[in-house]
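The values are calculated or read from the model by the stated rules, or taken from the named source; none is laboratory data. Remember, predicted model here, so these are calculated numbers, not experimental data. Methodologically, a virtual Cβ is constructed for each residue, glycine included, from the backbone with ideal geometry; neighbour enumeration extends over all protein chains shown.
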Number of protein chains: 4
Amino acid sequence: MKRATVAFRVRYGETDRMGGVYYANYIAWFEMGRSALMREAGYPYRQLEGDGCILPVVEAYCKYRYPAHYDDHLVMETWLTRLTKRDLTFAYRIFREGKLLAEGYSRHMPIDPQGRRIRVPEGLLTLLEPYLESGGV
Amino acid sequence: MKRATVAFRVRYGETDRMGGVYYANYIAWFEMGRSALMREAGYPYRQLEGDGCILPVVEAYCKYRYPAHYDDHLVMETWLTRLTKRDLTFAYRIFREGKLLAEGYSRHMPIDPQGRRIRVPEGLLTLLEPYLESGGV
Amino acid sequence: MKRATVAFRVRYGETDRMGGVYYANYIAWFEMGRSALMREAGYPYRQLEGDGCILPVVEAYCKYRYPAHYDDHLVMETWLTRLTKRDLTFAYRIFREGKLLAEGYSRHMPIDPQGRRIRVPEGLLTLLEPYLESGGV
Amino acid sequence: MKRATVAFRVRYGETDRMGGVYYANYIAWFEMGRSALMREAGYPYRQLEGDGCILPVVEAYCKYRYPAHYDDHLVMETWLTRLTKRDLTFAYRIFREGKLLAEGYSRHMPIDPQGRRIRVPEGLLTLLEPYLESGGV
């Protein structure tokens, strides 16, 4: 099984007055994870949209274990827990020096630019398959 | 049962290049909902933090049904589906002209400013009780 | 001279770990001000874009006097300091209970959806004229 | 003269429905630039705040030349155009493959955690001096 890895630093504007990262920002980070996975798999999401296939989020979930802080160097792992032509679920784990801070998933259903449900290109499934594994939060 | 209601317009910066609102922003909006509920209940969250009780999010979930768009006038309902001294779950529904666009929840566990688990003030529970009902997404 | 007024509450996610509102968010708020002005003037920005005229920002500036905080009830005034068919400058002032917290401007040059410089519709100028005055930060 | 360089990819959530990056996000990116500069200079901003010196923004400006888009790989250069114990101005330029997309500055006045004007530590000035040059937008 493969997982895509992306490393990044926490920005000041991502924190809130509680001192740590604002909760919605972890879910925004998830998007970096799936972008990284698709780029690594060889079918960047930008290209997929250019090919007329959009992957809007239909569900998102995050479990928060420990807060991330400004300037922390974080690592996110991304993989897939479900992969069909009409339904994809990405799973995410965010770590700071090996410690799991947050984990979650997002579920996506492909549509065309007019908003109609479509199937993802056959080629995409083949490229994403190595990242599929069962489990996740 | 009572539900707190907050109305707001979608900001341009909340949209993304897909044309609708970026998915993490619905979850950020949830926070407006629980702020409104606590203000309406008579114990604003700002005051609760001033009293040394912080309510970090330990879980968040959102189900996306239809996209919201720039300048849409939205209405969000907020209530509670779980209410104990150590565990609160807020539920949210976001509507545009009566149509349900998104719904979700966030679960919170009270801590003190040093990060230790505490109980919420007795008075808060009494004030929040009218907003408690079973169900939710 | 007329100024459009919009009132709003500071959201938790708009603050940063310094305790006040993150500096880029004041500039994001400016967009609410010009949306409110155009809606009040009778030509909502959403309609203008639908009519094929987009107003990207070519310059933005903000001067920060006092920080806004979570849950503050703010009032923003918006007007125009320059108004020609090819060049519009909006000015903004943000207040908390009459105290000026921040002020700034944004300059816009109309383009069509293909990115070519165009003139704004004649009708828009007429509607915006009452909001034009000299001065500003 | 030295300039700090930071490279990053545009996130999906940073775009708006116009298709490019939302204007306030360039100004949020500036903060990454000054964080990178201070880290490179040997006095990370996180450490400066820990030492009781906060650098709130008192002015910010951005000039927008060409839009950045989702997944673009951008490079930002950061340097200083003013450097005194009570007044620092950072300058920024954002490029995509050598093309200047946006440039701007932010001015900062040091305060202590109680909000009183202070001087920055002597050591900081020495470390930042190599990044000082005249000019900028």
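Observations, loosely collected:
Here's the yes/no breakdown for (1) modelled with pLDDT of 95 or more; (2) crowded, with 16+ Cβ neighbours inside 10 Å; (3) more than 30 Å from A:Gly19 (Cα to Cα):
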{"residue": "C:Tyr66", "(1), (2), (3)": "yes, no, no"}
{"residue": "C:Thr81", "(1), (2), (3)": "yes, yes, yes"}
{"residue": "C:Tyr92", "(1), (2), (3)": "yes, yes, no"}
{"residue": "C:Asp112", "(1), (2), (3)": "yes, no, yes"}
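- Candidate set: region A:18-42, residues that are outside any helix (DSSP H, G or I) and crowded, with 19+ Cβ neighbours inside 10 Å; chosen: the one farthest from the chain's Cα centre (by Cα): A:Met18
- Selection from region A:1-17 of residues that are among the charged types (D, E, K, R) and outside any helix (DSSP H, G or I): A:Lys2, A:Arg3, A:Arg9, A:Arg11, A:Asp16, A:Arg17
- Criterion violated by C:Trp29 - all others in (1) over 30 Å from A:His69 (Cα atoms); (2) within 14 Å of chain D (Cβ to nearest Cβ); (3) not polar (S, T, N, Q) satisfied: (1)
- Any chance B:Asp16 is farther than 24 Å from A:Gly104 by Cα, among the acidic types (Asp, Glu) and within 7 Å of another protein chain (Cβ to nearest Cβ): no
- Which listed residue, of D:Val57, D:Val10, D:Val6, is closer than 20 Å to D:Tyr131 by Cα, more than 13 Å from chain C (Cβ to nearest Cβ), modelled with pLDDT of 95 or more and crowded, with 20+ Cβ neighbours inside 10 Å: D:Val6
- Checking C:Gly52 against (1) closer than 21 Å to D:Arg17 by Cα; (2) buried (at least 18 other Cβ atoms within 10 Å of the Cβ); (3) within 14 Å of chain D (Cβ to nearest Cβ), the condition it does not meet: (2)
- Only residues that are under 24 Å from B:Ala60 (Cβ atoms) and not in a loop (DSSP other than H, G, I, E, B) were counted in region A:43-71, giving 11.
- Test: residue in region C:80-93 that is facing another protein chain (nearest Cβ under 10 Å) and hydrophobic (A, V, I, L, M, F, W, C): no
- Total residues in region D:97-119, condition assigned to a strand (DSSP E or B) and either among the aromatic types (Phe, Trp, Tyr) or under 17 Å from the mean Cα position of the chain (by Cα) (or both): 9
- Restricting attention to region D:94-110 and to residues that are within 11 Å of chain C (Cβ to nearest Cβ) and either touching a Pro at 6+ places or on another chain (Cβ under 7 Å) or among the aliphatic types (A, V, I, L, M) (or both), the residue that is surrounded by the most Cβ atoms within 10 Å (Cβ to Cβ) turns out to be D:Ala102.
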